Amino acid sequence: MRFSGFRVLSEALKGHSGWKPLWRNPDPQPFYDYVIVGGGGHGLATAYYLAKTFRQSRIAVLEKGWLGSGNVGRNTTVIRSNYLLPGNGPFYEFSLKLWEGLEQELNFNSMVSQRGVIYLFHSDWQRDAYRRRANSMALAGADARLLSREDLKAMLPFLNYDNARFPIHGGFMQPRAGTARHDAVAWGYARGADLYGVDLIQNCEVTGFRIVDGNIRGVETSRGFIGANKVGVAVAGSSSRVMAMAGMRLPIESHVLQAFVTEGLKPIIPCVIMFGAGHFYISQSDKGGLVFCGEIDGYNSYAQRGNLPMVEDVCEGAMAVMPMIGRVRLLRQWGGVMDMSMDGSPIIDRTGIEGLYFNGGWCVGGFKATPASGHAFAHLLATDTPHETARAYRLDRFARGYLIDESGAGAQPNLQ
């Protein structure tokens, strides 16, 4: 079934009787060539590109809950490629280019909106740091420009430019960045993978790995044993728990990241705004709600909920940069579990177990990486070689001292 404007009109005339489920609901088979553990954005994208781009078959995605029940539906929907270091810049630019053609690729409305992302700067040194980042992005083929205080006032007149502690001196913008509808991304990849014959198996929790003489043989699940030649794990905040079942200890901690949505308002925020003096950022959804977020909660947790101290911290950041938000009513809040690596950058690599592959450590940047993560992980699974943009994401970089250290702010996740 192909979606189009003509199809929508046609179905309207027929009482919408022709719509069908977006994917099948198959029972698991005894054996697959590839099993992807995790039915979130990265796992579904991996299965899609594995089947479509690399022409592999007999693929299954195993999800313990429902598709898209994890972080792909628990984020602030921002997409961007404004990274500084050569280990990250080309990868995220590759991802942004995939975002730009994603709706045509999947024939599914993911509501990709390239409305731009602006980082505010509040001092001369911060301006110089953003100028350096913009130059680095240009080398990776990305777009970036600096905005003066007057430029910002014309675009965002509602900001507090003369805050005594955090006066706004200007901004650093990536015009091609923006937002996408997060759950629609999962649905689009799931539908696309299903069309290429991938079995999407929900309510199927992996409870163990069957490993014989250092080789993967398959996975034990709540629905029985499933054999596989290759197993790829992409489970975000559950990475440490799942890989521990294979006897691996990862350089990853899990932390909660809370996000918030207000009541619907008339259009007021034309882009994504990042507060440069604190970890607060905000955008406005197509439904009108203000979507905003802050720093991760400071303690380790696998719970999909946060605590009030971080709520207070986010509100302080919001009021400092945008006082009018204090008059808006909060509609809902959620928490996602972030797989925080020790250098703030991800891992896409083989493991020491033949046939077992790992994708994780995305910290707070997993959503924007979804297309490239899936493409690069599928490349690794199909060819046993890293994708050219993901060569720095080796698992052993932490032991060998080749950290990427994108933020360079600290040696533990709550300092990144």
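For this structure, a couple of remarks:
- Single condition G374 does not satisfy, out of (1) farther than 30 Å from Y34 by Cβ; (2) in a helix (DSSP H, G or I): (1)
- Selection status of I347, surrounded by 21 or more Cβ atoms within 10 Å (Cβ to Cβ), within 21 Å of G89 (Cβ to Cβ), touching a strand residue (DSSP E or B) at 6+ places or on another chain (Cβ under 7 Å) and of a type in the set (V, I, T): yes
- Here the condition is being assigned by the TED database to the domain that holds A47, modelled with pLDDT of 95 or more and out of contact with any Leu (no Cβ under 8 Å at 6 or more places or on another chain); of G192, G227, G232, G237, it holds for G227 alone.
- Test: residue in segment 281-301 that is in contact with a Gly (Cβ under 7 Å, 6 or more places away or on another chain), part of a helix (DSSP H, G or I) and of a type outside the set (S, T, Y): no
- Verdict on A228 being under 30 Å from R397 (Cβ atoms) and part of a loop (DSSP other than H, G, I, E, B): no
- Looking only at residues of segment 275-289 that are of a type in the set (A, V, I, L, M, F, W, C) and more than 19 Å from the chain's Cα centre (by Cα), we find that the one that is nearest to Q126 (Cα to Cα) is A277.
- Condition check for R58 on (1) free of Cβ contacts under 8 Å to residues at least 24 places away in the same chain; (2) open to solvent by 30 Å² or more (accessible area, probe 1.4 Å): one failure, at (1).
- Some residue of segment 87-110 being farther than 22 Å from F280 by Cα and either of a type in the set (V, I, T) or over 19 Å from the mean Cα position of the chain (by Cα) (or both): yes
- Here N75 passes the criteria (1) out of contact with any Phe, Trp or Tyr (no Cβ under 6 Å at 6 or more places or on another chain); (2) at negative phi except the one numbered (1).
- Lone qualifier among V311, V328, V261 - being open to solvent by less than 20 Å² (accessible area, probe 1.4 Å) and either of a type in the set (V, I, T) or at pLDDT below 90 (or both): V261
- Residues located in segment 51-66, provided they are of a type outside the set (V, I, T) and within 14 Å of V233 (Cα to Cα): A60, L62, E63, K64
- Residue identified as among the charged types (D, E, K, R), modelled with pLDDT under 90, assigned to a loop (DSSP other than H, G, I, E, B) and over 24 Å from S238 (Cβ atoms) among R24, R2: R2
- Residue within segment 26-34 that is outside the structural domain of Y357 (by the TED database) and farther than 22 Å from N359 by Cβ present: no
The values are calculated or read from the model by the stated rules, or taken from the named source; none is laboratory data. On a predicted model such as this, the values are computed, not experimentally measured, just so you know. Heads up, the Cβs are rebuilt from the backbone with ideal geometry, glycines too, and the neighbour counts pull from every protein chain shown. Surface accessibility is based on the protein's heavy atoms, side chains included, excluding ligands, DNA and RNA. Shrake-Rupley method; radii C 1.70, N 1.55, O 1.52, S 1.80 Å.
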